[in-house]
Amino acid sequence: MAQEVRGVIAPGRNEPVRVETIVVPDPGPGEAVVQIQACGVCHTDLHYKQGGINDDFPFLLGHEAAGIVESVGEGVTDVAPGDFVILNWRAVCGNCRACLRGRPWYCFNTHNAKQKMTLTDGTELSPALGIGAFAEKTLVAAGQCTKVDPAVSPAVAGLLGCGVMAGIGAAINTGNVGRGDTVAVIGCGGVGDAAIAGANLAGAAKIIAVDIDDRKLTTARTMGATHTVNSKETDPVAAIQELTGGFGADVVIEAVGRPETYKQAFYARDLAGTVVLVGVPTPDMKLELPLIDVFGRGGSLKSSWYGDCLPSRDFPMLIDLHLQGRLDLAKFVTETIQLDEVEQAFERMHGGDVLRSVVVF
Ligand code: APR
Ligand code: ZN
Ligand code: ZN
């Protein structure tokens, strides 16, 4: 029997979001229905609402979520009703080129539920990132459910489903930050702060936070930054070089997604250092760099999608570290809100006071 629940939809380009009744089908083969306990508000949800991702309105928003598996369809063996899970948007397929080469964190064939959730009049919904979790229940592919220790708060756990994982993974998976490394992080929002926390966890000797907003730099310190640079007042490249014996940082993580900050990252790294781009640019942006510098400075220029995470490997491990008191993920939850407050949370994103607003059910 399909169920009716409340969910937040984006009805059309730039229209305010609203709470509607959503019809959630019973799980088919390989699918699961999850009762959502918490779901964070991410910039990507705002981009969907603005029409910046695609035009498949109406969207069922929300994708940084945790909850309890309510029911599973035929053939599902990895999760069972009652399991506490974080939803992921990389449900590794096991069969694509990347998976077969043993690099499942690049899986090109991530799967989602086959059936559609709808409005009561039958209008099909497009779930954000194949999840759609600003809803009391959602239908996903069972592989999108990653079991973790249920002792963790759902509001904290859900954040690992997207932005916080992207940042931590940019440092520990993509950047390969190791003990004793010098690291600089440009842009200290939720993603950059998570990169700082990741670098700290990995044992970086020096973590330099760069932002144009002093409030962000204050928060960055609480995440593990050892030095801060306000790049509105100080040239960040010179400052990072000065803090690293004149050399530049071993790993520079760009968590803004703009050409000018990417260039700063490029020049602020040591010879043969690593640049990790985790900020998401817009399609119109162009980068211009002297090719001789790209050649002459060696090292690696990488981008990090979803922190190159493997949910089955990274989510339970990071939750365990959190529960042991070794990774404070609770700091990323600035406020908890109700389902009908998502629109206001979008507005607060621009104010710069909020790392994450999290809808709790
Ligand atoms: N130099 C340094 N910092 C900057 C600059 C700049 N030119 N412009 C903006 N910032 C800072 C902001 O002050 C803010 O602290 O970058 C931070 C961006 O943080 P948020 O807006 O909270 O975004 P976040 O959720 O961290 O995501 C960062 O990653 O996932 C992507 O789409 C996301 O591109 C975005 C990026
Ligand atoms: Zn695959
Ligand atoms: Zn997100």
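For segment 58-77, the criterion of being without any contact (Cβ under 8 Å) to a residue 40 or more places away in the chain and away from ligand 2 (no atom under 16 Å from the Cβ) is met by at least one residue. Inclusion of GLY40 among residues that are among the small types (Gly, Ala, Ser), within 16 Å of ligand 1 (Cβ to nearest atom), surrounded by 14 or more Cβ atoms within 10 Å (Cβ to Cβ) and modelled with pLDDT of 95 or more is warranted.
Here is a check on your reading of the model: is GLY169 touching a residue at least 40 places away in the same chain (Cβ under 8 Å), within 11 Å of ligand 1 (Cβ to nearest atom) and not hydrophobic (A, V, I, L, M, F, W, C)? Give the steps one after another, and end with the answer.
Numbers: touching a residue at least 40 places away in the same chain (Cβ under 8 Å): yes; within 11 Å of ligand 1 (Cβ to nearest atom): no; not hydrophobic (A, V, I, L, M, F, W, C): yes.
No; evaluated as a whole, the condition is false for this residue.
Among the candidates VAL34, VAL23, the residue that is closer than 25 Å to LEU355 by Cβ and among the hydrophobic types (A, V, I, L, M, F, W, C) is uniquely VAL34.
Filtering segment 195-206 down to residues that are over 19 Å from TYR262 (Cβ atoms) and crowded, with 24+ Cβ neighbours inside 10 Å, which residue is farthest from ligand 3 (Cβ to nearest atom)?
Residues of segment 195-206 over 19 Å from TYR262 (Cβ atoms): 197-198, 200-206.
Still in the running and crowded, with 24+ Cβ neighbours inside 10 Å: 197-198, 204.
Values: ALA197: 17, GLY198: 16, ALA204: 25 Å.
Restricting to residues being over 19 Å from TYR262 (Cβ atoms) and crowded, with 24+ Cβ neighbours inside 10 Å, the top hit is ALA204.
For the structure I just gave you, tell me whether PHE295 is more than 13 Å from ligand 1 (Cβ to nearest atom) and touching a strand residue (DSSP E or B) at 6+ places or on another chain (Cβ under 9 Å). No, not satisfied.
Identify the residue in segment 344-361 that is out of contact with any strand residue (DSSP E or B) (no Cβ under 6 Å at 6 or more places or on another chain) and surrounded by 15 or more Cβ atoms within 10 Å (Cβ to Cβ) and, among all such residues, is nearest to ALA155 (Cα to Cα).
Among those residues, the one meeting the criterion is LEU355.
Taking first residues from segment 332-361 that are without any contact (Cβ under 8 Å) to a residue 12 or more places away in the chain and partners that are in a loop (DSSP other than H, G, I, E, B), the Cβ contacts under 6 Å between residues at least 6 apart in sequence or on separate chains come to ARG348/VAL354. Scanning segment 300-339 for residues that are polar (S, T, N, Q) and modelled with pLDDT of 95 or more, we see that the one that is farthest from PHE84 (Cα to Cα) is SER300. Given the criterion in a helix (DSSP H, G or I), at pLDDT 95 or above and of a type in the set (Val, Ile, Thr), identify the matching residue among VAL342, VAL358. The unique qualifying residue is VAL342. A search for C-beta distances below 7 Å between a residue of segment 188-209 that is touching a residue at least 60 places away in the same chain (Cβ under 8 Å) and any residue that is buried (at least 24 other Cβ atoms within 10 Å of the Cβ) and of a type in the set (D, E, K, R), counting only pairs 6+ apart in sequence or on different chains, returns CYS188/ASP211; GLY190/ARG356.
Looking at segment 117-186, what strands (runs of 3 or more DSSP E) fall wholly within it and have at least 1 residues that are under 19 Å from ASP308 (Cβ atoms) and not assigned by TED's automatic domain parsing to the domain that holds GLY67? Quick ask: steps written out before the conclusion?
Values: elements: 137-141, 145-147, 182-186.
In segment 117-186, the matching strands (runs of 3 or more DSSP E) lie at 182-186.
The values are calculated or read from the model by the stated rules, or taken from the named source; none is laboratory data. In this text the structure is predicted, and so the values were computed from the model without any measurement. Note that we place each Cβ from the backbone using ideal geometry, even for glycine, and neighbour counts take in every protein chain shown.
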